[in-house]
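This report concerns only the one structure given below.
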Amino acid sequence: MKLLDVVQGNMEKATQLGLSQQTAEDASFDGRLVTLRGNQLVNFASCSYLGLEVDARVKEGAITAVERYGTFFSSSRAYLRSPLYRDLEERLDRIFNASVLVTPSTTLGHLSALPVLVQREDTLLLDRQVHASVQMAAQIVATSGAQLGFVEHGDMDGLEEKLQQHTGRGRVFYACDGVYSMYGDVAPLERLAELVNRYEHFVLYVDDAHGMSWRGHQGCGYAKSILPSHPRIVVAVSLAKAFGTGGGALIFHDSSLRERVQSCGGPQIFSGQLAPAVLGAAITSADIHLSQELPWLQHELSARIAQTRSMLHARDIAPVCGFPGPIVFVGTIKLEVSMEVARHLQDEGFWVNVAGFPATPRNGAGLRFTLSTHVTADDISALCDSLAHHLPRALDKFRLTTKRVSDAPAYKRVTTWPMAA
Ligand SMILES: Cc1ncc(COP(=O)(O)O)c(C=O)c1O
């Protein structure tokens, strides 16, 4: 069966069960609840991990920007940008202690950066599980004549072998995620930093969309909290997840590379500007990141993560990645099992996601839920109880056991968080 037929088939099944392609019925959002078919569900699928999207100050930042600059500034950024970009990038430079370029989204950031960074004589290696948005940009890179290749997920020995064998003129780029969006596992960044130091022809490109804000000094993110500032390391982040606003950003060690992507990166020239509401909200969110409040928000999230991990452990449920991010993935091998569990969870008041191939490896489907500061200790406790009730029954119904799931090859190749994390 063709890949697109598989995707469409799964999507249709999930849609019929009320698990995908749904529209919330709420007249307003508080961050914690969403309404579906008249039922209020606790939202365990938000990527706004720090709850900033409903923060009164962030909303006010958006409103003030609209009042001053209107709903949109309709001009190509190549000619004239809104002054709000300057205000935001100046703050992001301070958060990352680097040269930052704001992009309309993370996807458009990859589409701007990778075709500019990777030259015809270079090789671009992709981690097998790197986000689809990077894979899409890689297709454009390939049209320039650059070589494209894959490295098995997190396989640093395999990557190093390729670096040693490289005899071409050009450089070798390796693209991976900082925090992987499905299993919540992480790239082995210490080892990658070592490889950057050891091989002068090696360039590292990290998509840290999910690592941003909830981790690192001033919310600089998982990747930037570990990687050194280096001319051969570029990190992309999202402002549309824990940052709570919208858009993306590219982080460069030196400003000349930033200027090059700004001047030549396709979507930076021809795709529309972020709306004043988004930029105004982002400026306020950046101010919160730079304040004493951020560590407190990060601590609030960490407490919920710790509670969830210990409650799952007490119920013999082992997430695919053990420790300690806000993305929790419980393997079920088959997508049907996760759909069955998610349906029951929805009946009991919880909105969680199901995921399968190609978002996960083959036979690596499961339930994916996320934690945010919106959910309460009681919410987490109730979700863990429901999961502990329904998961074994659903596995049994599909003739699977916990042991078969934990032994499944799809879940083996994850890099868990460094224990010091
Ligand atoms: C790792 C990763 N990269 C990129 C994206 C795409 O982000 P955007 O919506 O800003 O294009 C996502 C979306 O969830 C993601 O998880």
For this session: Scan segment 322-365 for residues that are of a type in the set (F, W, Y) and at pLDDT 95 or above and jot them down.
Result: F329, F350, W351
Exercise. Which one of these is modelled with pLDDT of 95 or more and out of contact with any Gly (no Cβ under 7 Å at 6 or more places or on another chain): A193, A240, A236, A223?
Worked result: A193
Exercise. Of all residues in segment 240-259, which are within 14 Å of the ligand (Cβ to nearest atom), crowded, with 23+ Cβ neighbours inside 10 Å and not aliphatic (A, V, I, L, M)?
Worked result: K241, F243, G244, T245, G247, G248
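Can we say T35 is out of contact with any Cys (no Cβ under 6 Å at 6 or more places or on another chain), away from the ligand (no atom under 16 Å from the Cβ) and open to solvent by 50 Å² or more (accessible area, probe 1.4 Å)? Spell out the reasoning first.
Details: out of contact with any Cys (no Cβ under 6 Å at 6 or more places or on another chain): yes; away from the ligand (no atom under 16 Å from the Cβ): yes; open to solvent by 50 Å² or more (accessible area, probe 1.4 Å): no.
No: the conditions fail for T35.
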For this session: Just one of (1) more than 25 Å from K241 (Cα to Cα); (2) modelled with pLDDT under 95; (3) among the basic types (K, R) trips up R77, so point out which.
Result: (1)
Exercise. All but one of (1) closer than 18 Å to G244 by Cα; (2) open to solvent by less than 20 Å² (accessible area, probe 1.4 Å); (3) out of contact with any Pro (no Cβ under 8 Å at 6 or more places or on another chain); (4) of a type in the set (A, V, I, L, M) hold for L84; which doesn't?
Worked result: (3)
Problem set entry | Restricting segment 306-340 to residues that are more than 24 Å from the chain's Cα centre (by Cα) and under 27 Å from G9 (Cβ atoms), the residue that is most open to solvent (accessible area, probe 1.4 Å) | E336
For this session: Report, by residue number, each residue of segment 46-56 that is of a type in the set (A, V, I, L, M) and surrounded by 15 or more Cβ atoms within 10 Å (Cβ to Cβ).
Result: L50, L52, V54
For this session: Would you mention how many residues in segment 341-355 are closer than 20 Å to S48 by Cα and open to solvent by 20 Å² or more (accessible area, probe 1.4 Å)?
Result: 3
For this session: Being touching a helix residue (DSSP H, G or I) at 6+ places or on another chain (Cβ under 6 Å) and closer than 22 Å to R232 by Cβ is the filter here, so list the residues in segment 107-125 that pass it.
Result: H110, L111, S112, A113, L114, P115, V116, V118, L124
Seminar exercise, completed: If you go through T71, T23, the only one that is touching a residue at least 60 places away in the same chain (Cβ under 8 Å) and either hydrophobic (A, V, I, L, M, F, W, C) or surrounded by fewer than 12 Cβ atoms within 10 Å (Cβ to Cβ) (or both) is T71
Exercise. Do any helices (runs of 4 or more DSSP H) entirely within segment 109-226 hold 1 or more residues that are open to solvent by 10 Å² or more (accessible area, probe 1.4 Å), touching a residue at least 24 places away in the same chain (Cβ under 8 Å) and within 14 Å of the ligand (Cβ to nearest atom), and if so, which?
Worked result: 132-143
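The values are calculated or read from the model by the stated rules, or taken from the named source; none is laboratory data. As the structure is a prediction and not an experimental result, all values here were calculated from the model. Cβ sites come from the backbone with ideal geometry, for glycine too, and all protein chains shown count toward neighbours. In case anyone asks, the SASA skips ligands and DNA or RNA and just uses the protein heavy atoms, side chains included. Shrake-Rupley method; radii C 1.70, N 1.55, O 1.52, S 1.80 Å.
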